[in-house]
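Everything below concerns the one structure shown next.
The values are calculated or read from the model by the stated rules, or taken from the named source; none is laboratory data. As the structure is a computational prediction, the values presented were derived from the model and not from experiment. Cβ coordinates were reconstructed from backbone atoms using ideal geometry, including for glycine residues, and neighbour counts include every protein chain displayed.
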Amino acid sequence: VINKWKLPVYYDCLSADIRAVSKYTDLKVDEIISLHQQVVYTVSFMGFLPGFPYLNGLPESLSIPRKVTPSLQVKTGSVAIAAGICGIYPQSSPGGWYILGNCPVPLFNREREQAFLLSINDQVEFYEVDKSTFKDLKQNTSHLDINQFKNG
């Protein structure tokens, strides 16, 4: 079964990472956010961390190499890009990708029937939420009905 997901992202327009992407690609931050949301991504591979999806479909104009020096701590839910791929960190860890924003929907939850939210070949779209909506979703993750994000 191929599921289609529409996942919320709070884009941190002031972060050093998104500014670095802007400088590298010569795109304004709002253009980066817009381009990132215009695509339907496909989960091509799972790995690196349990539940970490490698999402194909990133626009060529957002292609940026991995960081020379990885970040020591990338937050759970970070939506990141590098080497032509988009990914979402299911838990906090070190990482060498550029963070565009954060998704409050848990990708990994051992208490769910299917612990991993995404599977290979699933389709993913992103939409922007403001900080207040992000905080509400993040604070209520234990009561979050993940089906509200399913099938676009």
Filtering segment 36-85 down to residues that are at pLDDT 95 or above and among the aromatic types (Phe, Trp, Tyr) yields Tyr41, Tyr54
For Val105, are the conditions met, namely being of a type in the set (Val, Ile, Thr), surrounded by 13 or more Cβ atoms within 10 Å (Cβ to Cβ) and closer than 25 Å to His143 by Cβ?
-> yes
Does Pro59 qualify as being loosely packed, with under 14 Cβ neighbours inside 10 Å and in contact with a Leu (Cβ under 6 Å, 6 or more places away or on another chain)?
-> no
Taking the condition exposed (fewer than 14 other Cβ atoms within 10 Å of the Cβ), basic (Lys, Arg) and at negative phi, does Lys75 pass?
-> yes
Quick one: what pairs do we get from segment 32-46, first residue assigned to a helix (DSSP H, G or I), second surrounded by fewer than 17 Cβ atoms within 10 Å (Cβ to Cβ) and among the aromatic types (Phe, Trp, Tyr), C-beta under 9 Å, 6+ apart or different chains?
-> Gln37/Tyr127
Test: Ile81 is under 13 Å from the mean Cα position of the chain (by Cα) and surrounded by 14 or more Cβ atoms within 10 Å (Cβ to Cβ) | yes
Determine whether Tyr89 is at negative phi, surrounded by 15 or more Cβ atoms within 10 Å (Cβ to Cβ), free of Cβ contacts under 8 Å to residues at least 40 places away in the same chain and aromatic (Phe, Trp, Tyr).
-> no
Look through Val79, Val105 and report the one residue that is β-branched (Val, Ile, Thr) and in contact with a Ser or Thr (Cβ under 9 Å, 6 or more places away or on another chain).
-> Val105
